[in-house]
1. Which of the residues spanning segment 412-431 are open to solvent by less than 40 Å² (accessible area, probe 1.4 Å) and part of a strand (DSSP E or B)?
2. Quick check on Gly674: is it more than 25 Å from Lys700 (Cβ to Cβ), outside any strand (DSSP E or B) and open to solvent by less than 10 Å² (accessible area, probe 1.4 Å)?
3. Being more than 24 Å from Ser496 (Cα to Cα) and among the polar types (S, T, N, Q) is true for just one of Thr601, Thr637. Which residue is that?
4. Limited to segment 348-366, what total is found for residues that are within 28 Å of Ile306 (Cβ to Cβ) and free of Cβ contacts under 8 Å to residues at least 40 places away in the same chain?
5. For segment 224-249, what are the residues that are in contact (Cβ under 8 Å) with a residue 60 or more places away in the chain and either at positive phi or outside any loop (DSSP other than H, G, I, E, B) (or both)?
6. Could you look through segment 686-701, keep only residues that are open to solvent by less than 10 Å² (accessible area, probe 1.4 Å) and in a strand (DSSP E or B), and pick out the one that is farthest from Ile541 (Cα to Cα)?
7. Restricting to segment 605-635, count the residues that are open to solvent by 60 Å² or more (accessible area, probe 1.4 Å) and either modelled with pLDDT of 90 or more or of a type in the set (A, V, I, L, M, F, W, C) (or both).
Amino acid sequence: MKKIFGAIFLTLVFASFEAMADYTVNRIDISGLRRVERETVMSYLGIEEKDNVSQADLDNAFKNLYATGLFADIKMDTSKAGVLKVVVVENPIIGQRAFDGNKKLDDKILEAEVQSAPNSLYSKAKVQQDVKRILEIYKRAGRYAVTVEPKIIDRDENRVDLIFEIDEGPEAKINKINFFGNKHYSSADLKDVLMSKESRWYRFFSSADRYDAERMNYDKELLTQFYNQRGYADFRVVSAVAELTPDKKSFILNFTLEEGPRYLVRSVDINSGIRDVPLEDLYAEVEIEAGEWYNAKLVEKSVSAITDELGKKGFVFIDVTPQLVRHTTSKEIDVHFVIKEGERTFVNRINIHGNTRTEDEVIRREFRIDEGDAFNVSKIKDSRRNIENLNYFSKVDIQSVPVDANKADIDVNLEEKSTGYFNIGVGYSTVNGALVSAGITENNFQGKGQQVSLDASVSERSNDYSLSFTEPYFLGRRLSAGADLFYSDEDYQDESSYDNASVGGRLRLGWNYTDDFYQLLRYTIRQDEIKNVDNGASRYIKAEEGKSTGSIIGQTLVYDKRDNAMRPREGYYLSFGNDVSGLGGDEKYLKFDVRAYQFYTLADYWTFKFFANGGYVEGYGDENVRLSQRYYLGGNTLRGFEFGGAGARDKETDDSLGGNWVVYGGAELSFPIGLEEVGIRGRTFFDIGSIGKPDNIDSKYVEYSSKPRASAGFGFEWFSPMGKIDVDFGFPVMKEAYDKKEVFRLNFGTSL
């Protein structure tokens, strides 16, 4: 037995020595070459005749040849003494490359990602990489059930045709979005925050209902912003998971949240390491105050404002950092702004990538920092927020890249999304009867950031058409300029026995003093026609039958501190507007309007709305105010009364004549009724108002009283797929005998 083990040991030793021994190559034979030159093979082989080579040298030579991608198969034979025989099978040349079965993505999109091109060498490894790229493209387009099968068709002269057979499968859309751990805000509220949307039939022009991993990451950031701006400083998204259904046709998005306590601001102070700067000047720039709910947005705005103020004083290399001290027992928070010297770094270049449609200038003008400026993190954050607010991009990623010791580039990586919208609606309201509406809007027209919209609405009572254009940066400045064309034809036969048609145009100019305070200037030229006047109409209406032209210049100042323009829960809204008509035309009047709204939410669900509105119009130059410019009380302005139901009324014909001034207001409480998942909330309300009488009205023919009218009632608001729908049941509690009441009211459209 010992002799056997000894023999095996010696055999292994000699085999090892033989493997390590050098092999002398006297001749190199290469066969199988058709297009590739022998010199090319020799250069990658790395072995010359008369060389002494080891097995490791031969292995490296094999790897080098295979790595060229020129060959489908390689064999190396050293069985004949002194001869290295290399046998190769060349990869074929791709003749034609085609895609079959792709309907949702055209060839150009796929060609840009696929490396296997016509007249290039065919490689199995490269084709497999191409298959992976195609699958990834389809996944980004929301198709996860896609299959890709590469097919090879042999041709003469070692050429092949490559065909990618694609079965796109159904589009994997978002079937359901679930939230877990949300106690203070309903799932319906949070769904409005997300960019990702549940699949619905009316979203056929939107990609928001397609699952996108990067969009879901951005949704996490949006949720964090939403809570952080409402006092929840400890909020975090514990997990965000997308589950693909077994049939691979849809996704279920699950967000697990940890809201944490809601903090009130206990104190705000500034700790400055910058000398010779009065703290009073810096405190004036702080927008968050003690006693308010903590708001991360206001903290960021304060950082930006302090940074700008210090920049004006010559301190450009500074760092303003907000530090939060939480008092969890009392649910209060201290906000400290710490100011210190920063690194002396300048912006070298701002590089923008991914904007295939949007022009660079549209993006650059949203930056609050320029090339050559001192590097400022706060201004870069502001710039990112501005670009995100454009709503042109599904992804906005801004990174700083150091160039040298005191310079850095700013790299902006974007992913564009659809900015065009088409809407169509069919419905019914007690105001307009059956109605059909349609509209198309492009918010980034020709990639220049301009907005164009065309809307049409046809109902039993009215026909309305409008075309609008808005340039957000007029003359290269932060001025919003626009133009509108409009036409409307409204039936007032039930209230006042006439129809009114209006056609005209409007020029607009707007600018912001602050983010919340802005002004709008407008010029309107319009022609109104009182027509189809009933034979039994009021003498005052018959007197106005015919056409009139108004040339009107006006302005509106707005201060908007609402937390959300569509569904406000907290904050207030103030506006003051006035118009002067008479710069040409035959209508001469002065008009003033005031609006005030206050919103307050109790326990995050019970929202109070208090409002007061007023208007006054007066003719001048012996001109009376025409019917189309008067105020009417009732309907949306005073629930429980029909449109024009309260106010001056012809004794003989019962026609509503409107008034030269109006005041109305009230209080409303909206609350959950268990249907928040579908966007329905209940409400109760109390409305009160009064209206003045028109010019030149003889009390002998007209019933009129300026006494207050009031109503109370309840209703529902539904943020439906077709827009906001209001259902109200109103009951007058203060009225005149001749007023017209309306208990039930169904209305479409968004209002404050």
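1. Val412, Leu414, Gly420, Gly425, Gly427, Ser429
2. Considered against the rule, which asks whether it is more than 25 Å from Lys700 (Cβ to Cβ), outside any strand (DSSP E or B) and open to solvent by less than 10 Å² (accessible area, probe 1.4 Å), Gly674 comes out as no.
3. Only one candidate passes the filter, namely Thr601.
4. Total satisfying the criteria: 2.
5. Gln225, Asn228, Gly231, Leu244, Lys248
6. Asp687
7. Qualifying residue count, segment 605-635: 6.
Every residue, every condition in (1) surrounded by 11 or more Cβ atoms within 10 Å (Cβ to Cβ); (2) of a type in the set (Val, Ile, Thr); (3) at pLDDT 85 or above, yes or no:
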residue: Met1; (1), (2), (3): no, no, no
residue: Tyr23; (1), (2), (3): yes, no, no
residue: Arg27; (1), (2), (3): yes, no, yes
residue: Arg35; (1), (2), (3): yes, no, no
residue: Ala67; (1), (2), (3): no, no, no
residue: Lys75; (1), (2), (3): yes, no, yes
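The values are calculated or read from the model by the stated rules, or taken from the named source; none is laboratory data. Note that the structure is predicted; figures quoted are calculated from it, not measured. Because the Cβ atoms are built from the backbone with ideal geometry, glycine has one as well, and the counts that use them run over all protein chains shown. These accessible areas exclude ligands, DNA and RNA; they are computed on the full protein's heavy atoms, side chains included. Shrake-Rupley method; radii C 1.70, N 1.55, O 1.52, S 1.80 Å.
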